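**Q** What follows is a structure written as structure tokens; I'll ask about it next.
The values are calculated or read from the model by the stated rules, or taken from the named source; none is laboratory data. Nothing here was measured: the structure is a model prediction, and the numbers come from that model. Cβ placement follows ideal geometry from the backbone for every residue including glycine, while neighbour counts extend to all protein chains displayed. We work out accessible area using only protein heavy atoms, side chains counted, and drop any ligands, DNA or RNA first. Shrake-Rupley method; radii C 1.70, N 1.55, O 1.52, S 1.80 Å.
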Amino acid sequence: MSTIRHLFWDFDGTLYNSYPLLHHSFRSGLNAMGLGQLVTDEALMKLIKVSVFHAATWCAEHSGVDVQEIMTSYRGFHKLEKEFPAYDGLADCLRRLHTAGYRHYLYTHRDGAAIVQLKADGLWELFEDAVISTDGFPSKPAPDALLALMARNHLTPDVCAMVGDRDIDIEAGHNAGMSGFLFDPEGFYSGYPAELHASTLTELAEKLIL
């Protein structure tokens, strides 16, 4: 791990705590379809933590409604999201690591709103490159986006790590041959085989800056 100097960051649930917004959008979508009583708020959050599509699939199976109809309703509310709350210590973590010689890259399933938010918070200048949803790569855990980022920045997997809050983030990194650093503030993936675990961004930075 001492050779790693290039960090590929997930956005939702890693840099920014967007889960409450995702939950609100999904709940609003269900309510609009008359499915508001289908699942409790706590159970819905656990489903969304796996993935939004996983939550939609569960709701489809338990309601008889087509999964794409549920996703369409969710997206209608999701596109109204404009600002995302940063996790505590985000700016300090990114800047401390950058000063220590680490370089940052963004790999997110979100669209350009992720870059807009980073720019608004004065953090985009710390990033070297990015892949977002509109770039058209297969979704995680496919390694294609990470392989493309490494290729165009002339990097090898041994100096890279994917940083994310879900198993698909870590799997994407492993599938690309790089390490996986798990940011898990709720302890949702306790015991998951990642090369590094951290419950706060401050802890993550401290573990990397020796």
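**Q** Considering only residues that are more than 16 Å from L94 (Cα to Cα) and outside any loop (DSSP other than H, G, I, E, B), look in the stretch 183-210 and name the one that is most open to solvent (accessible area, probe 1.4 Å).
**A** Result: H197.
**Q** Hey, another quick one. Output the number of residues of the stretch 150-175 satisfying the condition of being surrounded by fewer than 23 Cβ atoms within 10 Å (Cβ to Cβ) and touching a strand residue (DSSP E or B) at 6+ places or on another chain (Cβ under 9 Å).
**A** 10
**Q** Just checking, how many residues over the stretch 135-149 are open to solvent by 70 Å² or more (accessible area, probe 1.4 Å) and either touching a Pro at 6+ places or on another chain (Cβ under 8 Å) or modelled with pLDDT of 95 or more (or both)?
**A** Within the stretch 135-149, residues that are open to solvent by 70 Å² or more (accessible area, probe 1.4 Å) and either touching a Pro at 6+ places or on another chain (Cβ under 8 Å) or modelled with pLDDT of 95 or more (or both) number 3.
**Q** Mind checking whether some residue in the stretch 3-15 is modelled with pLDDT under 95, part of a loop (DSSP other than H, G, I, E, B) and either over 16 Å from the mean Cα position of the chain (by Cα) or of a type in the set (D, E) (or both)?
**A** yes
**Q** Quick one: would you say V65 is free of Cβ contacts under 8 Å to residues at least 40 places away in the same chain, open to solvent by 30 Å² or more (accessible area, probe 1.4 Å), outside any helix (DSSP H, G or I) and on the phi < 0 side of the Ramachandran plot?
**A** Here the answer is yes, as V65 does meet what is asked.
**Q** Same structure again: Tell me, which residue of the stretch 8-48 that is under 30 Å from M150 (Cα atoms) and out of contact with any strand residue (DSSP E or B) (no Cβ under 9 Å at 6 or more places or on another chain) is surrounded by the most Cβ atoms within 10 Å (Cβ to Cβ)?
**A** I48
**Q** Quick one: would you say G180 is in contact with a helix residue (DSSP H, G or I) (Cβ under 9 Å, 6 or more places away or on another chain) and either open to solvent by 10 Å² or more (accessible area, probe 1.4 Å) or assigned to a helix (DSSP H, G or I) (or both)?
**A** No: the conditions fail for G180.
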